1. Just to confirm a number: summing +1 for Lys and Arg and -1 for Asp and Glu over residues other than A:Gly72 whose beta-carbon lies under 15 angstrom from that of A:Gly72, what do you get?
2. Please compute the per residue accessible area over the stretch A:39-152 with all protein chains in place, 1.4 Å probe, rounded to a whole number of Å².
3. By how many degrees, between 0 and 90 and to the nearest 10, does the Cα long axis of helix A:90-104 differ from the longest principal axis of chain A?
4. If the elastic network links every pair of Cα atoms under 10 Å, which of A:Gly319, A:Gly280, A:Gly96 fluctuates the most in the Gaussian network model of chain A?
5. Local charge sum around B:Pro40 (other residues, Cβ-Cβ under 11 Å, Lys/Arg +1, Asp/Glu -1)?
6. Ignoring any ligand, DNA or RNA, what whole percent of the accessible area of the protein assembly as shown comes from carbon and sulfur when the probe is 1.4 angstrom?
7. Could you list, in their original order, any pairs among A:Lys57/B:Lys63; A:Lys167/B:Lys2; A:Lys81/A:Lys167 whose Cα atoms are separated by more than 19 Å?
8. How high is the relative contact order of chain A, given as a whole-number percent (alpha carbon pairs under 8 Å, six or more residues apart)?
Amino acid sequence: MSILPPHRLDLAGHRRRNGVVPWVAYHGDDGRDRLVEAVEAAGLRGRGGGGFPTAVKLRAARSRRSIVVANGCEGDPLSRKDAALLTLAPHLVLDGLQLAAHAVGATETVLCVHAGSPVLPSVTAALAERDDHVPVRIAEVPRRYVASEESALVHYLTSGDARPLGKEPRPAERGVRGRPTLVDNVETLAQLASVVLLGPHHYRAARTDLVTVTGAVRQPGVVELPAGPSLTAVLAAAGGETEPVQAVLVGGYGGTWTTDLRLGLSGIPAVYALPASACGLEYTAKVLAFLAAESARQCGPCMFGLPSIAADFAELVRGGPSVHRLAHRLPLLTGRGACAHPDGAARLAASALRTFGADVTTHQAGGRCRVLEGVA
Amino acid sequence: MKLTVDPIGCRGHGLCADLLPEVVRLDEWGYPVLANGPLPPELAAEARRAAAACPALALRLRKA
Ligand code: SF4
Ligand code: SF4
């Protein structure tokens, strides 16, 4: 079963294509156990980037007064898969949300999307068609990169402040308004519904990944492939390359550059194919400037460190000697913020220096690289 | 025992690096960078004093 249909499915269409959740099979406390066991047997892991086993998260948030938060914010500018799901298959996500709510014993659920998001009409129409056991509320979260971080969502729903809270306490212990809270990405919820609709064993054999592909490909957009595809397969599914690709950014703005197209992906929301005619250092400098501007400005190493490395990269592109400063600064950023935002920026910068090493040398030598010289 | 810094609480006063230079140094922006690994036991009393002195209550001592 593919989770992404070719056009939007209303409730009747969704049921014709995917079937109806067999609620009687999961009735009561034993039923909850069976549901979590099915998720475990299916080997489901979170699709928001963390890749944490979903069954473990469900067990941790189990209580009679918990809240389930569906994260549909998709802060990364290179990713569109959650928007595609909420637009084309809203009922699959909502089935998953109800199943998660049942598994943890939630009395309340919240579907978070960015304020003014284009998915709102689809989601609102889908909710109006359903008669769900546990009520679903839509929350419009400020349009910011770090607002989709788990603790930031919890903080926003509790206090209206969409900045991350830090690593402790975990939302499963004390989340929204102090209640145990399960935060799952909307793709994870759609996958959870598939586990139940297909059965865990069939799901294991048929499971797929959604990846957003942009850059030098013929049909940029969201593709669905059998789980764990290679980069070659992902680029082919997006219509193939429009011109030679020199490197691929794997994992969105906080991701890693690679030139190895045989690399297998798992739980990667987005890839960007850099054409041979573009400068990877220049692209990275732009992304770093964006990430620096998106810091929630709460933690010193993030607030001061990200603008510094963004400036270092801009200088490197202009031909300045900032590589030595970067070598000293990058290792200092990792693990020193309350969220993983600085870690992602440092990872991106370090992988750019590795992958585009030859370009670093030419930029330093004359402030121009093969792209500016027109050699590429 | 393990020393930690709450990154949101820390205001970069740098007092901790004065009080506990064996374990804490400051980065170029004045925020503390802690040495890796567990705290040497002979520094436990000093570390407790430094944690108590942090004006932002961001420096914490935990049982590792
Ligand atoms: S690390 Fe950056 S984005 Fe994350 S909480 Fe701290 S200041 Fe905000
Ligand atoms: S004394 Fe406290 S606030 Fe000052 S730098 Fe150290 S941890 Fe941060």
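1. -3
2. Per residue, the stretch A:39-152 has an accessible area of 36 Å².
3. 70
4. A:Gly319
5. Details: positive: none; negative: B:Glu22, B:Glu42, B:Glu46.
Residues near B:Pro40 contribute -3 overall.
6. Ligands and nucleic acids excluded, carbon and sulfur reach 55 percent.
7. A:Lys57/B:Lys63; A:Lys81/A:Lys167, as the Cα separations exceed 19 Å there.
8. Details: 739 pairs, mean separation 60.1, N = 376.
Dividing the mean separation by the residue count of chain A yields 16 percent.
The values are calculated or read from the model by the stated rules, or taken from the named source; none is laboratory data. In this text, all values refer to a predicted model and were calculated from it rather than measured experimentally. Cβ coordinates were reconstructed from backbone atoms using ideal geometry, including for glycine residues, and neighbour counts include every protein chain displayed. The area values use the complete protein model at the heavy-atom level, side chains included, leaving out ligands, DNA and RNA. Shrake-Rupley method; radii C 1.70, N 1.55, O 1.52, S 1.80 Å.
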